[in-house]
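Asks: Here's a structure for you.
What follows is calculated from the coordinates using simple rules that are stated; it is not laboratory data. Just so it is clear, the structure is predicted and the values come from calculations on it, not from any experiment. Neighbour counts run over all protein chains shown; Cβ positions are idealised from the backbone, glycine included.
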Amino acid sequence: MADTAVLDLLTAATAAHAGEEHAEAAAFGISMLSPGFFVALAMLVVFAIAFKAGAPRMIAGMLDAKIAGIRQQLDEAKALRAEAERLRDEYARKAADAEKDIAAMRASAERNAAEIVDKAKTDAAALIARHKAASTEKIAAAERAAIAELRAIAATAAASAARGLIADKHGKAADHKLADEIIAGI
């Protein structure tokens, strides 16, 4: 409400003075010496004082310091980039070396596995040969034992048969005569 009252007053004041002409402000009757002229003159005086006080040197110094700071940051960024590239190259080399090591270990493991398989085959063949030789030896020993047993049985049977024949064909007198001949031969 108070705002509208102020607005109404301003509108009324503008309407009241709308038809009047005003003279432009001038100093000493010269129309060029208007308020805009004095503002421009004051600005020129301020610029002259700033120039005399060395403001351009200060501004240039600040800009040079800022430029030096930016250059330093750029140099640091270049150094960091070079370091990052060096680290990237180093890790790439390490990764390649690791791949080579893995390939070498894989080849070594395959060689070792092949050697183990070959050794196992050789050992198995030797074991089979030993078992075959042992089996052959056992069979030969069994054959010899069977032959010896058959010979013993045959000898026993022959001795029994000879005893039976001798007992049938020889008497006591023949035994005495044979014993006397053996004793005389000694």
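Asks: Could you tell me whether the range 143-185 comes out rounded, prolate or oblate from its Cα gyration tensor? Rule is a ≥ b ≥ c as square roots of the eigenvalues, rounded for a/c under 1.5, then prolate if a/b exceeds b/c, otherwise oblate.
Replies: Oblate is the answer for the range 143-185, as a/c is 1.5 or above yet b/c matches or exceeds a/b.
Asks: Distance in nm between label sites at N112 and R57, each 7 Å beyond Cα in the beta-carbon direction?
Replies: 8.0
Asks: While we're looking at this one, here's another question. Subtract the Cα-Cα distance of A179 and A148 from 0.36 nm times their separation in residues, and report this length gain in nm to one decimal.
Replies: 8.0 nm
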